[in-house]
Amino acid sequence: MRQQFLGALIGAAFGTVFVLVNSGDPLPPVLGWVLRALAVAALAAVLFLGLRAGGRPTLDGRPVFGPSYRVVVLGEVVLLVAGFFVLSLLDAPVQANVAWIATVVGLHFAALAWAWKARSILVVGVVLTALGVAGLVLLGSAAAWVPFVSGVLSGVTLLGGSLHGVRRA
């Protein structure tokens with residue numbers, strides 16, 4: 001339970017950041033604030049449910065962040081840096097960054113699902129990757145909506161996956 005809770009808490013924290021950072025234009029300001037408040041409430045719910053189930057957000061010396069995790073994270077960092085470099089060479093709009101981040105984070109979850117034999121996080125990985133790619137596609141026609149599609153919806157996906165994980169526990 002502790003490893004699962006820590007993973008859910010990390011996912012919920014990043015999901016909350018995705019929503020907080022990307023809930024601006026072109027969304028109406030009121031909707032942006034409602035989404036931010038819901039994201040914070042979802043993060044609090046993950047924390048509450050995880051603690052209530054007896055979890056503590058610690059590793060307790062367990063190997064969940066072992067060699068396979070480190071390889072996946074190293075690959076994630078390399079892809080992020082290389083992608084940002086390519087996007088800057090292409091003079092891509094700034095919205096491309098959140099689309100690229102969502103794509104790479106999605107691939108990270110898919111790789112972890114394979115490495116850990118944890119199909120439950122594969123859904124999150126596939127959805128995040130799709131939202132990231134959708135944002136990259138939107139750059140040509142609707143770049144203003146990329147933060148919502150690749151940022152807010154990715155955050156909602158992470159928060160939903162985290163809530164699902166702690167509720168199952």
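The values are calculated or read from the model by the stated rules, or taken from the named source; none is laboratory data. Computed from a prediction, not measured in an experiment: that's the story for all the values here. Please note: Cβ atoms are built from the backbone with ideal geometry, for glycine as well, and neighbour counts cover all protein chains shown. Heads up: the accessible areas ignore ligands, DNA and RNA and are worked out on the full protein's heavy atoms, side chains in. Shrake-Rupley method; radii C 1.70, N 1.55, O 1.52, S 1.80 Å.
Looking across VAL166, VAL105, one residue alone is open to solvent by less than 60 Å² (accessible area, probe 1.4 Å), farther than 25 Å from GLY32 by Cβ, in contact (Cβ under 8 Å) with a residue 60 or more places away in the chain and outside any loop (DSSP other than H, G, I, E, B). It is VAL166. Pairs linking a residue in the range 77-99 that is open to solvent by 70 Å² or more (accessible area, probe 1.4 Å) to a residue that is among the β-branched types (Val, Ile, Thr) and not in a loop (DSSP other than H, G, I, E, B), with Cβ atoms under 6 Å and 6 or more positions apart or on different chains, are LEU79/VAL104.
For GLY160, the conditions (1) at pLDDT 95 or above; (2) farther than 19 Å from ALA13 by Cα; (3) surrounded by fewer than 21 Cβ atoms within 10 Å (Cβ to Cβ); (4) not hydrophobic (A, V, I, L, M, F, W, C) all hold with the exception of (2).
Among the residues making up the range 148-157, those that are open to solvent by 20 Å² or more (accessible area, probe 1.4 Å), of a type outside the set (Ser, Thr, Tyr) and touching a residue at least 60 places away in the same chain (Cβ under 8 Å) are PHE148, VAL156.
Each residue in the range 4-37 was checked for being more than 18 Å from TRP145 (Cα to Cα), modelled with pLDDT of 95 or more and among the β-branched types (Val, Ile, Thr), and 1 pass. In the condition set (1) under 28 Å from ALA143 (Cα atoms); (2) within 13 Å of the chain's Cα centre (by Cα), ILE121 is compliant with all but (1).
Applying the criterion of being hydrophobic (A, V, I, L, M, F, W, C) and part of a loop (DSSP other than H, G, I, E, B) to the residues of the range 114-144, the residue that is surrounded by the most Cβ atoms within 10 Å (Cβ to Cβ) is LEU139.
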